[in-house]
Amino acid sequence: MSRSFRRGATALVSASIVLGATAIAPAIPVLAQDDGCTVEVWGDEITHLALGKAAEAYTAETGIEVELISVPFSTINSDYETQVPAGGGPDLIIAPGPFDAWVASGIASPLELGDALDAFQPAAAAAALVDGKAYMVPLWTENIGLIRNKALVPEAPATMDDLIAAGQALVDAGTTELVVAIPMDPEGGNAYLMYPFQTSFGDHWFARNEDGSFDYSQPTLDTEAGLAFARALGEWGASGAISPDVGFDIAVDRFITGKTPFLVTGPWDLPAIKEAGIDYAIDLLPSAGGSVAAPWLGVFGLVLNPKSDCALAATDFATRFMVTPEAQVTLFEVGSYPPAHKAAFEQVASDPDVKAWGENGVAAQPLFGDPVANGATWGPIGKTQVAILRGQGDPETLWKEMAAQVAAGLEEPAS
Amino acid sequence: MLQLLLKLLGFAVLNAISVLLVMGFYGAGVWPVALLVVIVTLGLDLLYLGPWAVPLKYLAPGILLLLTFQVFVILYSGFTAFTNAGQGHLGTKQDAIAAIALSGRERVPDSPKYLLAILEGPTGLSFLVTDPDGAALVGDPATPLAPAPDAERNDAGKAVGLPGAEALTFQQILGRQDEILGMEVPIAADPADGVLRTQDGQTAFVFRSVRAYDPALDAVVDSSTGVVYRDNGRGNFAAPDGTQIDPGWRAVVGLDNFARMVREVRESEQFLGVFLWTFVFAILSVAMGFGFGTFLALVFNDPRIRGRRIYRMILILPYAFPVFLSVLIWGGLLNPEFGFINEVLLGGAKIPWLQDPWLARFSVLMVSLWLEFPYWFLIATGALQSIPRDLEEAATIDGAGRRRLFRHVRLPLLLVTVAPLLVSAFAFAFNNFNLVWLLTRGGPIALDSEIDAGATDLLITLTYKLAFDNSVQDYGLASAISATIFMIVAAISILSFRRTRRYEEVF
């Protein structure tokens with residue numbers, strides 16, 4: 001190639017830079033300007049669908065797109081925690097309150113809800129608050145219950161003993177495989193689903209203040225109530241009534257294939273059960289220790305990312321649009337979620353499922369926010385429950401060791 | 001000619017993308033990255049358009065990828081190892097200040113909720129608000145709120161406009177949201193009485209700052225108690241009595257993370273256990289995979305076996321499945337109650353394959369063997385076939401038996417080829433996160449473990465737990481462990497590669 005040709009080529013490429021740039025120039029203002037912003041909402045595989053109808057209605061009203069994004073349940077919180085500080089993440093995230101840890105990390109933005117919180121159920125409003133400030137627009141409350149296959153067991157069991165007797169009879173007859181399915185991690189157990197059985201002995205983990213909140217200075221695991229639960233776990237494990245090897249997929253699978261009459265779970269598993277055509281009933285969680293079996297109460301809501309680049313529209317969607325009874329009712333229409341808004345809840349309260357969840361949740365204990373207490377309790381309690389179920393030691397000894405570990409964990413600073 | 005045109009077209013596209021990136025980065029305020037894109041693009045253009053630096057033309061793409069995906073990542077995690085990055089220290093100091101400003105601002109108790117319209121007049125943006133009694137007021141950041149009797153109202157009685165000013169539509173508000181979200185309109189001449197702010201562009205509330213950052217002092221001042229929280233040099237604002245304000249920011253803490261790691265190794269048996277198990281696992285996993293794979297290769301290298309091709313194909317199958325799929329399936333097979341192995345093969349035995357510490361280690365090694373041997377089988381088969389037949393024949397004539405033939409002819413020649421692969425396989429096994437995480441999550445975990453370390457935890461899975469899986473995340477400590485892993489693996493690799501040169505002297 002001749003020199004001049006090369007020079008010509010160089011000139012041509014230089015020109016191409018300008019040309020290329022010119023070609024995309026019309027796109028630049030679109031990229032740079034804000035007003036086309038889309039409100040991005042993260043939820044897990046199931047929850048992200050809940051806002052579908054509300055999002056459409058909001059888009060119809062304001063012209064602003066709301067994009068619902070599914071992030072796996074197992075990683076949604078850690079993804080949010082790692083991406084927000086780096087400037088990523090969604091504008092809003094659907095997560096269960098309270099949010100003490102996120103507030104301490106500066107990854108939740110306070111929302112001024114005015115008096116709107118008064119229109120929500122008290123427990124839902126309480127879960128939105130950290131130090132008296134709201135960080136969430138509550139969407140729905142959820143607690144677990146006992147789901148029964150009516151074809152296998154026609155009557156609701158009144159106590160845990162009844163449940164085990166009914167389940168065992170079916171297993172002995174060869175009709176089913178499992179007495180009851182309680183989904184568990186084979187290592188970490190499931191302190192969330194086992195909680196109502198524990199509370200039915202009178203141990204709520206901590207002593208409670210008058211308003212029902214925890215007094216973190218007084219763990220109650222190492223009390224007679226806690227030990228009674230430990231002994232019961234030992235019995236259930238030894239008799240095989242509760243197996244720590246029933247994982248999440250196994251539990252639901254066994255229930256919808258009729259291989260167990262009982263499943264302890266929350267509203268999130270209902271769609272699969274309905275789809276399988278099981279004739280189910282949601283029963284009151286049976287008491288094992290004589291007192292009321294109180295499950296945890298989770299409150300899901302929308303949290304605003306403080307680094308959102310579409311903050312104004314996201315806030316408008318969350319604090320103005322989603323606090324209305326009309327929008328909250330759609331949560332029920334889409335995913336059978338009992339709305340956190342009082343007026344919306346009343347509209348759907350006659351639904352038998354909502355009613356049944358509600359009855360299970362009458363005495364429910366709201367999830368607690370304190371990061372240190374959370375860090376000290378869930379892991380050791382769940383692991384010890386598994387160890388006792390597996391018979392890896394004397395239940396009382398294992399339980400007392402765990403109680404001491406929890407007490408030590410409560411003493412430590414968070415970081 | 002066509003080649004040249006294609007080349008030019010390619011560069012035009014590359015340049016166009018670069019221009020787009022530069023605008024994007026510059027627009028987002030990260031000009032160093034924008035500058036980097038400019039330099040790299042111009043560099044590439046210059047390099048490939050001239051007749052010069054031909055070798056570099058071949059090397060440049062590789063070098064660029066190396067810098068981006070290796071060097072940068074290593075340097076970044078190396079840097080993180082010297083910081084306190086983790087829960088409560090996630091962002092920059094600016095982020096922390098912004099978050100403290102947000103949480104330090106409180107709505108004035110019992111103050112009304114105002115309906116808001118945002119107006120643009122000659123002096124800029126102003127707030128036109130309607131209070132609960134229906135009175136219209138107007139103000140802007142420089143002028144406190146004052147009655148606006150001539151406001152135009154809509155049917156609901158909300159003040160929506162003023163003569164001489166234009167009301168912004170919601171779309172316009174969205175377009176200027178940063179400006180509007182930052183606006184503070186004092187409600188009275190004394191700003192301490194409170195300021196109006198909006199979060200959604202349609203309502204406004206009266207806020208008062210209780211805690212605010214003072215740039216002159218580089219400290220956060222609590223105006224209700226008068227306490228001054230100063231930068232404590234460790235990523236937090238702290239009061240003289242040590243109380244810290246959350247959130248903090250990522251700060252350099254020197255060797256703290258490494259010191260903590262050493263302390264943990266010394267004090268915690270579990271950490272030491274993880275450390276040792278990582279070595280044991282890496283060595284055994286490679287040794288077993290290599291041994292078994294080579295054994296099978298030798299067996300199937302014998303021409304007397306019929307249907308060798310079919311056997312070989314079947315043996316390679318485990319290698320053909322995606323690792324994570326195989327491991328998850330193994331996890332299911334080994335479930336003590338519902339797993340195929342216990343329920344069907346062992347007739348309902350309840351052997352805790354993954355729940356007992358020693359059985360779990362055994363199971364992890366066995367699954368690793370299942371995953372690894374086809375690789376070594378493939379490599380060894382290839383290597384064996386490349387060994388010159390005359391060498392083997394000469395050895396046989398000299399009277400070497402099968403064992404001697406293997407030990408003194410085949411194995412040394414095999415090692416020439418596979419020794420470097422053994423070293424890299426060791427490095428891989430040392431960090432075999434997928435296998436351990438998907439099979440046992442590092443468990444079973446001792447009940448009294450403070451760091452959640454389990455019997456099968458490798459250093460890398462423990463690192464992951466520390467960084468992402470715990471209730472309290474600690475990226476700094478996790479990075480320090482990663483850096484240590486890197487150094488261990490690098491040191492072992494360098495040493496081994498030196499040793500493997502010996503084998504090459506065979507030829």
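Bear in mind these aren't lab numbers, they're just calculated from the coordinates by the rules spelled out. Keep in mind the model is a prediction, meaning the values are calculated, not measured. So basically every Cβ, Gly included, is an ideal-geometry build from the backbone, and we count neighbours across all protein chains shown.
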Distance (nanometres) between label positions extended 7 Å along Cα→Cβ at B:GLN171 and B:ILE488: 6.0
Over segment B:94-245, relative contact order from alpha-carbon pairs under 8 Å, at least 6 apart, %: 22
FRET efficiency estimate (nearest 0.05) - Cβ-Cβ, B:THR143 to B:ILE17, R0 45 angstrom: 0.40
Segment B:94-245, dipole about Cα centre (Lys/Arg Cβ +1, Asp/Glu Cβ -1), debye to the nearest 20: 300
Reachable aspartates and glutamates from A:LYS274, criterion Cα separation under 12 angstrom, eight or more residues apart if same chain: A:ASP353
Where GluC sites (Glu not before Pro) in DSSP loops with at most 13 other Cβ within 10 Å are excluded, longest remaining stretch of chain A: A:211-415
Lys, Arg +1 and Asp, Glu -1 on Cβ, resulting dipole of segment B:260-504 about Cα centre, debye, nearest 20: 1180
Nitroxide proxy distance, nm - points 7 Å out along Cα→Cβ at B:LEU5 and A:THR38: 3.7
Using a Förster distance of 22 Å, the FRET efficiency for A:THR324-A:SER213 (Cβ separation, nearest 0.05): 0.15
Within segment B:356-389: backbone nitrogen closer than 19 Å to the B:ASN301 label point (7 Å, Cα to C-beta): B:373-389
Residue-averaged beta-carbon neighbours from other chains (10 angstrom radius) around B:193-205: 4
Inter-probe distance in nm under a simple model that places probes 7 Å from Cα toward Cβ, at B:VAL228 and A:PHE73: 5.2
Full-extension gain in nm, B:VAL323 to B:LEU56, via 0.36 nm per residue minus C-alpha separation: 92.4 nm
Normalised contact order of segment B:2-80, rounded percent, pairs of Cα under 8 Å and 6 or more residues apart: 18
Neighbouring partner chain Cβ atoms per residue of B:35-42, average, 10 Å criterion: 0
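In nm, what is the difference between 0.36 nm times the number of residues separating B:PHE72 and B:GLN385 and their Cα-Cα distance?
My answer for the length gained is 108.6 nm.
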Alpha carbon centroid spacing (whole Å) that separates segment A:359-398 from segment B:371-422: 57
Contact order normalised by residue count of segment B:260-504, Cα under 8 Å, 6+ apart, percent: 26
Interchain or long-range residues, amide H under 5 Å from B:ASN84's placed H: B:ALA251, B:VAL253
Nearest-20 debye value, the protein assembly as shown charge dipole, Cβ charges on Lys, Arg, Asp, Glu: 5640
Chymotrypsin sites (Phe, Trp or Tyr not before Pro) within segment B:90-173, DSSP loop, no more than 11 other Cβ atoms inside 10 Å: none
Label point 7 Å beyond Cα of A:GLU411 along Cβ direction - residues of segment A:374-389 with amide nitrogen under 17 Å: A:376-377
Per-residue Cβ neighbour rank within 10 angstrom, fewest leading, A:HIS341, B:HIS408, A:HIS48: B:HIS408, A:HIS48, A:HIS341
Per-residue ³J(HN,Hα) for segment B:187-198, Karplus 6.51 cos²θ - 1.76 cosθ + 1.60, θ = phi - 60°, Hz, x for Gly and Pro: 8, 8, 4, 8, x, 5, 5, x, 10, 8, 9, 10
Positive dipole terminus of the protein assembly as shown, leading residue within A:LEU146, B:GLY88, B:VAL227 (C-beta point charges): B:GLY88
Exposure proxy ranking, count of Cβ atoms within 10 Å, fewest first, for B:LYS158, A:LYS274: A:LYS274, B:LYS158
Sequence-distant residues sharing a close amide H with A:PHE206 (under 5 Å, placed H): A:THR220
Under 13 Å, Cβ to Cβ, from B:VAL253 - net charge with Lys/Arg +1 and Asp/Glu -1: +1
Cut-off under 5 Å, modelled amide H: who pairs with A:LEU297 long-range: A:GLN365, A:LEU367
Ellipticity estimate at 222 nm from DSSP helix runs (n ≥ 4, -39,500 (n - 2.57)) divided over chain B, nearest 500: -16500 deg cm²/dmol
Calculated [θ] (222 nm, deg cm²/dmol) that DSSP helices of n ≥ 4 give over chain A, each run adding -39,500 (n - 2.57): -13000 deg cm²/dmol
Distance histogram for the protein assembly as shown (every C-alpha pair counted, 20 angstrom bins, percent rounded to whole numbers): 11, 35, 35, 16, 2, 0
Selected from A:THR223, A:PHE262, A:GLY234, residue furthest toward positive end of dipole (segment A:193-301; charges at beta carbon): A:PHE262
Average projection area in nm² (convex hull over Cα atoms of segment B:94-245, one quarter of hull surface): 10.3
Choice from A:LEU92, A:LEU170, A:LEU178 showing the highest fluctuation, given a GNM over chain A with Cα pairs closer than 10 Å: A:LEU170
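For B:THR123 and B:ASP155, what does the FRET efficiency come to when R0 = 25 Å and r is the distance between their Cβ atoms, rounded to the nearest 0.05?
Plugging the Cβ-Cβ distance into 1/(1 + (r/R0)^6) gives 0.30.
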Residues B:VAL299, B:VAL220 arranged by fewest to most Cβ contacts within 10 Å: B:VAL299, B:VAL220
